[in-house]
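**Student:** Mind looking over this structure? Questions follow.
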Amino acid sequence: MTNDENSDRTPGDGRRAELAANLTAVEERITRACEAAGRRRDEVALVVVTKTYPASDVRLLSELGVRQVAENRDQDAAPKAADSADLPLTWHFVGQLQTNKTRSVAGYADFVHSVDRLRLVRSLAVAAGGRDRELGCLVQVGLDAGSEGTGPRGGVSPGGVAELADQVAGSPGLRLAGLMTVAPLSGPYADRPREAFERLREISTRLQADHPAATMVSAGMSADLEEAIAAGATHVRVGSAVLGVRPRLR
Ligand SMILES: *Cc1c(COP(=O)(O)O)cnc(C)c1O
């Protein structure tokens, strides 16, 4: 490339091209997985997980047509969401959430995927009280959780889903949107994402008998989005396949 051709390039152009190529590849994976499952492409929404990456990447993704983004830590998400306030984005919070962060999260998030205990529901309801629209809540299912309590990466055990869902549905300011899971690293579902996501589908079907509007099924990440789509996921949460491998695990 000559200097002349270079002159109207900005420093973000290389990154934009990289993100565009990655998005195309992920889009192809989703399309193929939908075809294989006999599902329409528009039944599955791509949520891009931008954690650890800067607000400038969020802006590039928005320019490339991404409409839904997710974060897992309020400390990082709050300033990024503020920097991106002019963009037409839906924000998802997908990380384990402490009650002292709910007020901040309710300030920018449209959906919280990690609702896994009654105390958190109460805190979110208070935090969402002043909003002009309901906060979408997904109950996170921990398929590796013991019959009491939560799993190592968050999530209520399957037996605790109904009570939590009823609590969300009965809370002013909150709307029960559906279920979320992360494929377990331990327990009976370790290394069996397809089975884990099929179990989530069963739990979702049961939930929708009582709560017909709770249709969101948030499952699947960069490594296992095909398995999730095969098992009925409506939202896949993809980070590294779009943005690159994160410098450190969180
Ligand atoms: C980081 C994260 C993702 C995305 O993971 P990748 O493997 O980077 O696609 C999805 N869901 C949750 C809850 C996450 O924390």
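The values are calculated or read from the model by the stated rules, or taken from the named source; none is laboratory data. Given the structure is predicted, the values throughout are model-derived calculations rather than measurements. When we count neighbours, we look across all protein chains shown, and the Cβ atoms used for this are built from the backbone with ideal geometry, even at glycine. Surface areas here come from the heavy atoms of the whole protein model, side chains and all, with no ligands, DNA or RNA. Shrake-Rupley method; radii C 1.70, N 1.55, O 1.52, S 1.80 Å.
**Student:** Checking the conditions here, which among G239, G244, G178, G170 is surrounded by fewer than 16 Cβ atoms within 10 Å (Cβ to Cβ) and in contact (Cβ under 8 Å) with a residue 40 or more places away in the chain?
**Tutor:** So the residue among G239, G244, G178, G170 that is surrounded by fewer than 16 Cβ atoms within 10 Å (Cβ to Cβ) and in contact (Cβ under 8 Å) with a residue 40 or more places away in the chain is G244.
**Student:** Which of (1) open to solvent by less than 60 Å² (accessible area, probe 1.4 Å); (2) within 16 Å of the ligand (Cβ to nearest atom) is the odd one out, the single condition M221 does not satisfy?
**Tutor:** In the conditions (1) open to solvent by less than 60 Å² (accessible area, probe 1.4 Å); (2) within 16 Å of the ligand (Cβ to nearest atom), M221 misses (1) alone.
**Student:** If I filter region 184-197 for residues that are of a type outside the set (A, V, I, L, M), free of Cβ contacts under 8 Å to residues at least 60 places away in the same chain, farther than 18 Å from R29 by Cβ and not in a loop (DSSP other than H, G, I, E, B), do I get at least one hit?
**Tutor:** Yes - at least one qualifying residue is present in region 184-197.
**Student:** Answer yes if at least one residue in region 158-181 is in contact with a Gly (Cβ under 9 Å, 6 or more places away or on another chain) and within 18 Å of A223 (Cβ to Cβ), and no otherwise.
**Tutor:** Checked against the condition, which is being in contact with a Gly (Cβ under 9 Å, 6 or more places away or on another chain) and within 18 Å of A223 (Cβ to Cβ), region 158-181 yields at least one hit.
Residue-by-condition table, conditions (1) open to solvent by less than 70 Å² (accessible area, probe 1.4 Å); (2) within 16 Å of the ligand (Cβ to nearest atom); (3) touching a residue at least 60 places away in the same chain (Cβ under 8 Å); (4) within 29 Å of T99 (Cα to Cα):
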| position | (1), (2), (3), (4) |
| --- | --- |
| E35 | no, no, no, no |
| R39 | yes, no, yes, no |
| L46 | yes, yes, yes, yes |
| T50 | yes, yes, yes, yes |
| L61 | yes, yes, yes, no |
| L64 | yes, no, no, no |
| E71 | yes, yes, no, yes |
| D74 | yes, yes, no, yes |
| A85 | no, no, no, yes |
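**Student:** Within region 224-241, take every residue that is part of a loop (DSSP other than H, G, I, E, B) and closer than 23 Å to A165 by Cα and give me the one that is nearest to the ligand (Cβ to nearest atom).
**Tutor:** In this case the residue turns out to be A233.
**Student:** Here's another thing I want to ask about it. Can you name the helices (runs of 4 or more DSSP H) wholly within region 1-118 that have at least 2 residues being within 19 Å of the chain's Cα centre (by Cα)?
**Tutor:** Helices (runs of 4 or more DSSP H) meeting the threshold: 13-37, 55-63, 74-83, 102-108.
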